[in-house]
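Undergrad: If you scroll down you'll find the structure; I have some questions about it.
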């Protein structure tokens, strides 16, 4: 027999042929399967926890119907802030006039920024 006929009669080598005994290969597959099952279980737990967190956050959110009320509340707070700021600026102006100082110098003395 020639070398060509020997190779032709041998079974073809497949990519799955790992040159390991079948029991070792099966043990590795079983180990991999166990790891994947554990990973899937862990992911399902994470999904459940995330869904619970989502429900908790959603329950705290206001409904879209309350959006106009929220806007009205913000506008009211802005008006209140502006009124208080105007009174404060007026008081700083009175102090500046009484001292004969510039308004900016009085603002700096009291720690009020120019944009406040």
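Undergrad: Once R0 is set to 41 Å, what does the formula 1/(1 + (r/R0)^6) return for the Cβ-Cβ distance between residue 47 and residue 101, expressed as a FRET efficiency to the nearest 0.05?
TA: Numbers: r = 66 Å, r/R0 = 1.60.
According to the calculation, E is roughly 0.05.
Undergrad: So for the stretch 18-111, what percent of the C-alpha to C-alpha distances run longer than 19 Å?
TA: Details: 3220 of 4371 pairs.
Here the tail beyond 19 Å accounts for 74 percent of pairs.
Undergrad: Something else about it: Give me P(r) over the stretch 72-116, computed from all C-alpha to C-alpha distances, binned every 10 Å, as integer percentages.
TA: P(r) over the stretch 72-116, rounded to whole percents: 27, 45, 20, 8, 0.
Coordinate-derived values only; no laboratory data. No experiment lies behind these values; they were computed from the predicted model shown. As a convention, Cβ positions derive from the backbone with ideal geometry for all residues, glycine included, and neighbour counts pool all protein chains shown.
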